[in-house]
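Participant: Take this structure, written in structure tokens, and hold onto it; I'll ask about it next.
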Amino acid sequence: MQRSTGSTKERSAFFVNITLNPVPWVAWTRRTSLSEVRATPPAENEGVWDGRLASTSNWHGVWEVTAATLDDVCEQLAGALRTELAEKWIPLLPRDAFRALLRERRNAPGIVGSPRIADLLCRIEDVSEADRKELISLFERRGREGDQTLGELAEWMRRAF
């Protein structure tokens, strides 16, 4: 939840943000190991794909709650969140589905960072150690040829895995 500037003593105004934070992506952005990421919950700004659960009762999409509306807003929010998760976010949890989304919507709103790297990271975690070593060698070579991102990725992969 993200507080809105519309909050007062009597009314809390907030946004509900949702992000997908694959462990390899967060580890890459932090430049740390996968196990370290698994031990520390990711922050909202560490996601690859993000969105906002908009309130239907406010044209700005802001959720607003007062002491008098608490129960109604909680019920609306729970229902909207349940629907949003079931229809949009949970179907993206399988890596194949998420990678397909990244490939088809590379420049779509909601993608944070590089979809190419995110797609690659979702694959890297699942490949064999021998294939990973080959990828590291390839990325090192590409780094020497001028692709700084792949050179950095190779260095990180050596440490992270």
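Participant: Considering only segment 8-24, I want to know if a residue exists there that is within 18 Å of GLU152 (Cα to Cα) and surrounded by 14 or more Cβ atoms within 10 Å (Cβ to Cβ).
Facilitator: Here is the first cut: in segment 8-24, the ones within 18 Å of GLU152 (Cα to Cα) are 23-24.
Narrowing further to those that are surrounded by 14 or more Cβ atoms within 10 Å (Cβ to Cβ): 23-24.
Looking through segment 8-24, at least one residue is within 18 Å of GLU152 (Cα to Cα) and surrounded by 14 or more Cβ atoms within 10 Å (Cβ to Cβ).
Participant: Given the criteria closer than 19 Å to GLU44 by Cβ, of a type in the set (Gly, Ala, Ser) and out of contact with any Gly (no Cβ under 7 Å at 6 or more places or on another chain), does SER128 qualify?
Facilitator: Against the criterion (closer than 19 Å to GLU44 by Cβ, of a type in the set (Gly, Ala, Ser) and out of contact with any Gly (no Cβ under 7 Å at 6 or more places or on another chain)), SER128 does not qualify.
Participant: Give the residue, chosen from ASN21, ASN58, that is of a type in the set (S, T, N, Q) and farther than 17 Å from ILE117 by Cα.
Facilitator: Details: ASN21 fails: farther than 17 Å from ILE117 by Cα.
Being of a type in the set (S, T, N, Q) and farther than 17 Å from ILE117 by Cα holds for just one of ASN21, ASN58, which is ASN58.
Participant: Among the residues of segment 49-78 satisfying the criterion of being within 30 Å of ARG99 (Cβ to Cβ) and out of contact with any strand residue (DSSP E or B) (no Cβ under 6 Å at 6 or more places or on another chain), which is surrounded by the most Cβ atoms within 10 Å (Cβ to Cβ)?
Facilitator: Of all residues in segment 49-78, those within 30 Å of ARG99 (Cβ to Cβ) come to 49-54, 61.
Add one more test, that the residue is out of contact with any strand residue (DSSP E or B) (no Cβ under 6 Å at 6 or more places or on another chain), and what stays is 54, 61.
On the way: ALA54: 16, GLY61: 14.
Among residues in segment 49-78 that are within 30 Å of ARG99 (Cβ to Cβ) and out of contact with any strand residue (DSSP E or B) (no Cβ under 6 Å at 6 or more places or on another chain), the one surrounded by the most Cβ atoms within 10 Å (Cβ to Cβ) is ALA54.
Participant: Here's another thing I want to ask about it. Kindly indicate whether any position in segment 79-86 is surrounded by 17 or more Cβ atoms within 10 Å (Cβ to Cβ) and closer than 30 Å to GLY151 by Cα. Before you say what the answer is, go through the steps one by one.
Facilitator: Going residue by residue through segment 79-86, those that are surrounded by 17 or more Cβ atoms within 10 Å (Cβ to Cβ) are 84.
Filter once more, keeping what is closer than 30 Å to GLY151 by Cα: none.
Within segment 79-86 (the criterion being surrounded by 17 or more Cβ atoms within 10 Å (Cβ to Cβ) and closer than 30 Å to GLY151 by Cα), the answer is no, since none of the residues qualifies.
Participant: Quick one: in segment 93-106, of everything that is farther than 23 Å from ALA54 by Cβ and not in a helix (DSSP H, G or I), which residue is most open to solvent (accessible area, probe 1.4 Å)?
Facilitator: ARG106
Participant: Determine which single condition GLY143 fails, assuming it passes every other condition in (1) at pLDDT 90 or above; (2) under 22 Å from SER35 (Cα atoms); (3) open to solvent by less than 30 Å² (accessible area, probe 1.4 Å).
Facilitator: All conditions pass for GLY143, except number (2).
Participant: Any chance you could count how many residues in segment 28-46 are charged (D, E, K, R) and open to solvent by less than 80 Å² (accessible area, probe 1.4 Å)? Working first, answer last.
Facilitator: Of all residues in segment 28-46, those charged (D, E, K, R) come to 30-31, 36, 38, 44, 46.
Among the residues that remain, those that are also open to solvent by less than 80 Å² (accessible area, probe 1.4 Å) are: 30, 46.
Counting residues in segment 28-46 that are charged (D, E, K, R) and open to solvent by less than 80 Å² (accessible area, probe 1.4 Å) gives 2.
Participant: If we only count strands (runs of 3 or more DSSP E) wholly inside segment 1-92, which ones have 1 or more residues that are modelled with pLDDT of 90 or more and either closer than 30 Å to GLU125 by Cβ or touching a Pro at 6+ places or on another chain (Cβ under 7 Å) (or both)?
Facilitator: Answer list for segment 1-92: 12-20, 49-53.
The values are calculated or read from the model by the stated rules, or taken from the named source; none is laboratory data. Please read these numbers as outputs of a predicted model, since none were measured by experiment. Every residue, glycine among them, receives a Cβ derived from its backbone with ideal geometry; neighbour counts consider all protein chains shown. Ligands, DNA and RNA are excluded from the accessible area calculation, which covers all protein heavy atoms including side chains. Shrake-Rupley method; radii C 1.70, N 1.55, O 1.52, S 1.80 Å.
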